[in-house]
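Undergrad: One structure is given below, represented as structure tokens, and several questions about it will come after.
Just so it is clear, none of the values below were taken in a lab; they were calculated from the coordinates. Here the structure is a predicted model, which means the values were calculated and not measured. Backbone-built Cβ (ideal geometry, glycine too); neighbour counts: all protein chains shown.
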Amino acid sequence: MSKFAKKKSGDLPAVSTASLPDIVFMLLFFFMTVTVMKDSSLKVENVLPNANEIKKLEKKDRVITIYVGAPTREYAKVYGTEPKIQLNDKFANASDVGDYILMERAKKPQELQNVLTTSLKVDKNANMGLISDIKQELRKVNALKVNYTTYEGDAFNNVD
Amino acid sequence: MGRRTKMPGVNAGSMADIAFLLLIFFLVTTSIETDAGLDRRLPRENKDSVVVDYHKRNILPILIGKNGDLMVKEELASLGELRAFVRAFIDNGGILEGNQGHCGYCGGEADPESSDNPLKAVIALNSHRETKYGVYIAVQNELVGAYNELRDREAQHLYQKNFTDMDREYHRPETTAEAKADLRNKIKYIRGLYPLNIVELPQQQKSE
């Protein structure tokens, strides 16, 4: 039995840090896979409303995003505090939406051009007039599939 | 030179620092974005407006006011009771048995003043220019919720599965092609029973 109780030195062995890089790499890969690169910096407030009857957008490459919201503080001086549309990296009017959609559509491969979805990321404090104008523009260029992108949550939280 | 028989090991202590640096870089440059929401199909733009001969009982007008108050059928309503109201309207089945257009699967009260059948029931959603988007989404959510409840009920009845679960399963990448084809038919059938008829009235362009 003395086989198992052989060594009994006094000092504690140091904790090996050799696996620390592996752990960090694991974290790194996690973040690399679950996140997407910011393609444009947001210039508008973008707190999306909540909804619970939602559906996932299927594929990233079939989505064109339109942001709507009040300009953030640094832009509010120049552009005011009324909700604005952000297309790519700049502010735009509702009348520019059609051209933007056509341009983005032309960039996509041929086979995807008919299955594109427009994702409307609209701040919950924006007003419906602007959204309605955008929808009219979308109809003009025949971009009929729309997704009102939301956070998952109770829809009653939108009303306060 | 006999001392170089044993190679010294590369010090891996700084590896963690390098990995941390990369991690922080990715944390800063990326954002976790939501990619879920309410799907909706806009109507095709037609230059000449089509006049559809719709009976008034088949239309449920919902108006969202400036301050987020709701008018359903010209009466004030709260968001909480909207779902039940819409559900009762769609599922009414006002045409009596034996007549054309009778809705055999409906569970409503068959009120002759309400919709004939789910195929004819139309929800006319109208909002003010000043209405907050959050309220609008809440209302849309309730409408979709009402339809989903009815579709779930019918799917449970026919296939012992929830419609929403079937839809989710259909979009899952693991689902096999045969299962998908089967699900597609079922989903299509259920959708046919309760088609999402939501009409949004266009608002006047902003006068500038």
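Undergrad: Assign one of three labels to segment B:88-208, namely rounded, prolate or oblate, based on the Cα gyration tensor with a ≥ b ≥ c the square roots of its eigenvalues; rounded applies when a/c is under 1.5, prolate when it is not and a/b is larger than b/c, and oblate otherwise.
TA: Details: a/c = 2.52, a/b = 1.22, b/c = 2.06.
The shape class here is oblate.
Undergrad: Restricting to bridges with both residues inside the protein assembly as shown, how much of the DSSP beta-bridge set is antiparallel, in percent to the nearest 5?
TA: Working: 23 of 43 bridges.
Roughly 55 percent of the DSSP beta bridges within the protein assembly as shown come out antiparallel.
Undergrad: Determine the gain in length on full extension of the stretch B:GLU113-B:ALA12; use 0.36 nm per residue of separation and subtract their C-alpha separation, reporting nm with one decimal. Provide the component values of the computation, followed by the final result.
TA: Working: separation 101, 0.36 × 101 = 36.36 nm, distance 7.89 nm.
Between B:GLU113 and B:ALA12, full extension yields an extra 28.5 nm.
Undergrad: Would you kindly derive the ³J(HN,Hα) couplings of segment B:171-180 from the backbone phi angles with the Karplus curve 6.51 cos²θ - 1.76 cosθ + 1.60 (θ = phi - 60°), listing them in order in whole Hz, with x for Gly and Pro?
TA: 8, 6, x, 6, 5, 6, 4, 5, 4, 5
Undergrad: So what is the calculated 222 nm ellipticity per residue for chain B, using -39500 (n - 2.57) for each DSSP H run with n of 4 or more, over all residues, to the nearest 500 deg cm²/dmol? Before the final figure, lay out each step's value.
TA: On the way: 5 runs with 80 residues, N = 208.
Rounded to the nearest 500, it is -13000 deg cm²/dmol.
Undergrad: Suppose each label sits 7 Å from its Cα in the direction of the beta carbon; what would the A:GLU82-B:GLU174 distance come out to in nanometres?
TA: 5.1 nm
Undergrad: Kindly express, to the nearest 10 degrees and within the range 0 to 90, the angle between helix B:79-90's C-alpha long axis and the longest C-alpha principal axis of chain B.
TA: Between the helix axis and the principal axis of chain B, the angle is about 60 degrees.
Undergrad: On a 0 to 90° scale, report how tilted helix A:128-140 is relative to the longest principal axis of chain A, with both axes built from alpha carbons and the result rounded to the nearest 10.
TA: The two axes meet at around 80 degrees.
Undergrad: Please compute the volume of the convex hull spanned by the alpha-carbon atoms of segment A:50-157 and report it per residue in Å³. Each step should come with its number before you reach the end.
TA: Numbers: hull volume 12.2 nm³, N = 108.
Residue-normalised Cα hull volume stands at 113 Å³.
Undergrad: When Lys and Arg each count +1 and Asp and Glu each count -1, what net charge do the other residues less than 11 Å away from A:ASN147, Cβ to Cβ, add up to? Before the final figure, lay out each step's value.
TA: Numbers: positive: A:LYS55, A:LYS56, A:ARG62, A:LYS121, A:LYS145, B:ARG40, B:ARG41; negative: A:GLU58, B:ASP35, B:ASP39.
With Lys, Arg at +1 and Asp, Glu at -1, the neighbours total +4.
Undergrad: A further question follows. Need the full-extension length gain, B:SER78 to B:GLU130, defined as separation in residues times 0.36 nm minus the C-alpha distance. One decimal, nm. Kindly include the intermediate steps, with their values, before the conclusion.
TA: Values: separation 52, 0.36 × 52 = 18.72 nm, distance 1.87 nm.
Contour length minus Cα-Cα distance gives 16.9 nm.
Undergrad: Test of understanding: extend the Cα→C-beta vector of B:GLU45 to 7 Å, then name every residue of segment A:54-98 with backbone N under 12 Å from that spot.
TA: Residues A:95-98 qualify, since their backbone N sits under 12 Å from the label point.
Undergrad: For the pair B:VAL28 and A:ALA106, how long in nm is the line joining their label points, each one 7 Å along Cα→Cβ?
TA: 3.7 nm
Undergrad: What Kirkwood hydrodynamic radius, in Å, does chain B give when the mean of 1/r is taken over all pairs of distinct Cα atoms and then inverted? Kindly include the intermediate steps, with their values, before the conclusion.
TA: Working: mean 1/r = 0.0468 Å⁻¹.
Kirkwood hydrodynamic radius for chain B: 21.4 Å.
Undergrad: For helix A:20-34, report the angle its Cα long axis makes with the longest principal axis of the Cα atoms of chain A; keep it between 0 and 90° and round to the nearest 10°.
TA: 20 degrees
Undergrad: Using the basic label-point model (7 angstrom from Cα toward the beta carbon), what is the A:MET26 to B:LYS161 distance in nanometres?
TA: 3.5 nm
Undergrad: For chain B, what proportion of DSSP beta bridges, expressed in % and rounded to the nearest 5, is antiparallel? The partial results should precede the final answer.
TA: On the way: 6 of 15 bridges.
Of all bridge pairs located within chain B, approximately 40 percent are antiparallel.
Undergrad: Tell me the Rg and the Dmax, in Å, that the Cα atoms of the protein assembly as shown produce.
TA: My reading of the Cα-based Rg and Dmax gives 27.8, 106 Å.
Undergrad: Which percent, to the nearest 5, of DSSP beta bridges fully inside segment A:50-157 are antiparallel?
TA: Values: 6 of 17 bridges.
Here the antiparallel bridges make up roughly 35 percent for segment A:50-157.
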